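Enquirer: First the structure, then my questions, so here it is.
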Amino acid sequence: MLLLSACQKSSETDSTEARAASKARVEASIDGLDVLRSTLARQVDDPEAVDQSTFAEVCKPVGQRAQALAQEHGWTVQQLAARNRNPAHTLDDEARAAYERFEEDPDLKRVWHEDTVLDGTSGQRFFQRITVEETCLACHGPEENRPDFVKDGYPNDRAYGFEPGDLRGLYAVFVPDSLFATAQP
Ligand code: HEC
């Protein structure tokens, strides 16, 4: 009896640890994505020089890295916003609720929605705030200052007029339960 409860306790501890490790893996990956964007954005010091051909498109490579992470881990990785540039980046209902929490509480950086469902699959969903920095303004500042590749490429653009410190949007990561709390390299 004693042995049994000891065993149960240790498997509970294992699963708590495995869950914590899964969460930590998601959080570290998203921090990496955010650092990538900040680093690329810092390389754009001359907005006049930014055009379609420069490597400094900043947010497209971030989107590509997000898709690579998704493929590598079996997650869904999105960048969503209320005022979005790419029409594919609109908030779903759950993401909107998280966005509103970030809006209300500027100190809230990240939040997990546990035991949720995305497109019929149950899992765990993570949201992290994306904050506007000075270097973002080259492309997300005043409407008329946006580079031509943005004006031409995104006719329904709503992602301008931001100030440093503003909430720009959020990262959303969905981990299906079949992959959550399982050992991964
Ligand atoms: C060189 C121009 C440029 C700079 C600088 C830039 N962005 Fe972007 N941003 C874009 C483009 C273009 C898109 C649309 C990318 C796509 O089609 O996926 C975008 C999209 C985004 C998105 C996805 C949501 C949406 O609106 O589609 C977020 C979030 C974002 N940017 C945040 C930032 C932040 C934060 C910074 C500064 C650290 C920044 N951007 C700097 C050009 C830029």
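The values are calculated or read from the model by the stated rules, or taken from the named source; none is laboratory data. Fair warning: this is a prediction, and the values are worked out from it, not measured in the lab. Cβ: placed from backbone, ideal geometry, glycine included. Neighbour counts: every protein chain shown. Calculation scope for accessible area: heavy atoms of the full protein, side chains included, ligands and nucleic acids excluded. Shrake-Rupley method; radii C 1.70, N 1.55, O 1.52, S 1.80 Å.
Enquirer: Mind giving me the nanometre distance, one decimal, between the label points for GLU163 and GLN64, set 7 Å out from Cα along Cα→Cβ?
Expert: Rounded to a tenth, the inter-label distance reads 3.5 nm.
Enquirer: Report the label-to-label distance for PHE149 and VAL35 in nanometres (one decimal), using points 7 Å from each Cα along the Cα→Cβ vector.
Expert: 2.5 nm
Enquirer: Next question, about the same structure. Just to verify a number: FRET efficiency for ARG101 and GLN71, C-beta to C-beta distance, R0 = 35 Å, to 0.05? Kindly include the intermediate steps, with their values, before the conclusion.
Expert: Details: r = 29 Å, r/R0 = 0.83.
E(calc), rounded to 0.05, equals 0.75.
Enquirer: Which of the peptides 99-108, 76-85 is most tightly packed, and how do the rest follow, judged by the mean count of other Cβ atoms within 10 Å per residue?
Expert: 76-85, 99-108
Enquirer: Jot down the radius of gyration and Dmax of the chain, Cα atoms only, both in angstrom.
Expert: 19.2, 74
Enquirer: Under 15 Å from the 7 Å Cα→Cβ point of THR121, by amide nitrogen: which residues of segment 78-96?
Expert: Counting backbone N atoms under 15 Å from the label point, the list is 78.
Enquirer: If you don't mind, another one. Taking the Cα centre of the chain as the origin and placing charges on Cβ (Lys, Arg +1; Asp, Glu -1), which of THR182, ALA98, LEU69 is farthest toward the positive end of the dipole?
Expert: Most positive-ward Cα: THR182.
Enquirer: May I pose another question? In straight Cα distance, which aspartates and glutamates are under 14 Å from LYS60, not counting same-chain residues fewer than 8 positions off?
Expert: LYS60 reaches ASP34, ASP51.
Enquirer: Rounding to the nearest 20 debye, state how big the charge dipole of the chain is about its Cα centre with +1 on each Lys and Arg Cβ and -1 on each Asp and Glu Cβ.
Expert: Taking the Cα centre of the chain as origin, the dipole is about 500 debye.
Enquirer: With n ≥ 4 as the cut-off for DSSP H runs, can you work out [θ] at 222 nm for the chain, using -39500 (n - 2.57) per run divided by the number of residues, rounded to the nearest 500?
Expert: Numbers: 5 runs with 78 residues, N = 185.
Taking each H run of at least 4 residues, the total per residue is -14000 deg cm²/dmol.
Enquirer: On to the next question. On a 0 to 90 degree scale, rounded to 10, what angle separates helix 59-73 from the longest Cα axis of the chain?
Expert: 20 degrees
Enquirer: Return the carbon/sulfur percentage of the accessible area of segment 2-176, one whole number, probe 1.4 Å, all protein chains in place.
Expert: For segment 2-176, the apolar C and S fraction of the accessible surface comes to 50 percent.
Enquirer: While we're on this one: What aspartates and glutamates could a cross-link reach from LYS23, if we take a straight Cα to Cα line under 15 Å and drop same-chain neighbours fewer than 8 places away?
Expert: ASP14, ASP31, GLU114, ASP115, ASP177
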